[in-house]
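Have a look at the structure below before the remarks.
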Amino acid sequence: MQQRRWSLFWTFFAALILPLANSAISASLAQCCGGPDTLCLWCQGEDSGDSGGSKWDDPLQSDRPGFGDCPTTVGCGICQLEMGYQYTYDRDDNSSHINHSSPQSLLRVGTLANWFELRVGWSMEQETDHVFGVSSQTAVGSDDMNVGCKIALTPQDGCLPQTAIVADMFLPTGSSAFTAGEVLPEIEFIYSWALNKKLSVIGVTFLSDAVDDETNHTYLEFSEGVETDLAISDKFGAYTDWHVSSPV
């Protein structure tokens, strides 16, 4: 069963990359660092080329917060650390669940080429479960570490989207209350359209291994998300997103 999941994981990865035409691989590998901003081009697309000037001059684009990631990489030779805090509260008539998550750190390191980055993510959790008038239980500890890479695949070409792919996995490094206890690979396909200079739409499709909380059995999960991003000014932006997850 585990071998089947890994085979599906890498088959899906190859099926997304190989059909993209006019690859810029040879141009990017001719340099030890830098080169084109994307690995491939759409058919008849314009050469993505270098972005021009230093990548430090480009606007910062982050992968958090939100359900999915942005389709751009940080650029070769650049390290970007993203951090944050998330509070979640859920309740029904008899119980409540409170979760604090921080620092939600994500380290992104551009290496080899502008279109490739390595990624490491880690966070701490505090969960409190209340059964009203009966009990209260709190758990504090580390999440499983996430490691992987992102590849910027294509630039936007008219109605054809800007695309990227993230291949990563969760490693069983977390505290006993939060670890899955095994390696959980996942793959994310990202596609976005810039409608104008301020408004863009991003879609994400996930295939990932997950662990059922009741049976502790591993299953394949499919997730889909849509996000709209609005640049309010050079320093402030806003976003809304919707996502759904389902076992396959």
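The values are calculated or read from the model by the stated rules, or taken from the named source; none is laboratory data. On a predicted model such as this, the values are computed, not experimentally measured, just so you know. We place every Cβ from the backbone using ideal geometry, glycine too, and count neighbours over all the protein chains shown. Just so you know, the surface numbers come from the protein's heavy atoms only, side chains and all, with ligands and any DNA or RNA stripped out. Shrake-Rupley method; radii C 1.70, N 1.55, O 1.52, S 1.80 Å.
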* Structure fact -> Pairing a residue in region 195-207 that is closer than 17 Å to Gly68 by Cα and hydroxyl-bearing (Ser, Thr, Tyr) with any residue that is modelled with pLDDT of 95 or more and buried (at least 16 other Cβ atoms within 10 Å of the Cβ), where Cβ atoms lie under 6 Å and the two sit 6 or more apart in sequence or on different chains, gives Ser200/Ser192; Thr205/Phe189
* Hey, Gly84 outside any strand (DSSP E or B) and touching a Pro at 6+ places or on another chain (Cβ under 8 Å) or not -> yes
* Exactly one of (1) surrounded by 18 or more Cβ atoms within 10 Å (Cβ to Cβ); (2) modelled with pLDDT of 95 or more; (3) closer than 21 Å to Gly225 by Cβ is unmet by Cys149. Its number? -> (1)
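Just name the residue that is least open to solvent (accessible area, probe 1.4 Å) out of those in region 176-185 that are without any contact (Cβ under 8 Å) to a residue 60 or more places away in the chain and farther than 16 Å from Ser123 by Cα.
So the residue we want is Leu184.
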* Selection count, region 127-176, where residues are among the acidic types (Asp, Glu) and closer than 30 Å to Pro36 by Cβ -> 2
* Can you find a residue in region 201-209 that is out of contact with any Cys (no Cβ under 6 Å at 6 or more places or on another chain), more than 23 Å from Gly148 (Cα to Cα) and among the polar types (S, T, N, Q)? -> no
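Take Ser26 and decide whether it is modelled with pLDDT under 85, outside any loop (DSSP other than H, G, I, E, B) and surrounded by fewer than 18 Cβ atoms within 10 Å (Cβ to Cβ).
When the stated conditions are applied, Ser26 passes them.
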* Structure fact -> Of the residues in region 132-159, those that are among the aliphatic types (A, V, I, L, M) and more than 21 Å from the chain's Cα centre (by Cα) come to Val134, Ala139, Val140
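Residues to consider are Thr111, Thr173, Thr138; find the one that is open to solvent by 20 Å² or more (accessible area, probe 1.4 Å), under 30 Å from Cys40 (Cβ atoms) and hydroxyl-bearing (Ser, Thr, Tyr). Don't jump to the end; show me each part of the working.
Values: Thr173 fails: under 30 Å from Cys40 (Cβ atoms); Thr138 fails: under 30 Å from Cys40 (Cβ atoms).
Sole residue among the options that is open to solvent by 20 Å² or more (accessible area, probe 1.4 Å), under 30 Å from Cys40 (Cβ atoms) and hydroxyl-bearing (Ser, Thr, Tyr): Thr111.
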* Asked: Considering His217, His243, which residue is out of contact with any Phe, Trp or Tyr (no Cβ under 6 Å at 6 or more places or on another chain) and either small (Gly, Ala, Ser) or over 16 Å from Glu186 (Cα atoms) (or both)?
  -> His217
* **Criterion violated by Ser62 - all others in (1) modelled with pLDDT under 75; (2) among the polar types (S, T, N, Q); (3) open to solvent by 40 Å² or more (accessible area, probe 1.4 Å); (4) in contact with an Asp or Glu (Cβ under 7 Å, 6 or more places away or on another chain) satisfied** => (1)
* Any idea how many residues of region 197-228 are farther than 30 Å from Leu171 by Cα and of a type outside the set (Val, Ile, Thr)? -> 4
* Asked: Within region 77-98, can one find any residue that is open to solvent by 30 Å² or more (accessible area, probe 1.4 Å), in contact with a Phe, Trp or Tyr (Cβ under 7 Å, 6 or more places away or on another chain) and of a type outside the set (A, V, I, L, M, F, W, C)?
  -> yes
* To do: Looking only at region 229-240, decide whether some residue is closer than 27 Å to Leu171 by Cα, touching a strand residue (DSSP E or B) at 6+ places or on another chain (Cβ under 9 Å) and open to solvent by less than 60 Å² (accessible area, probe 1.4 Å).
  => no
* To do: Run Cys159 past the list (1) exposed (fewer than 14 other Cβ atoms within 10 Å of the Cβ); (2) at pLDDT 95 or above and report the number of the one that doesn't hold.
  => (2)
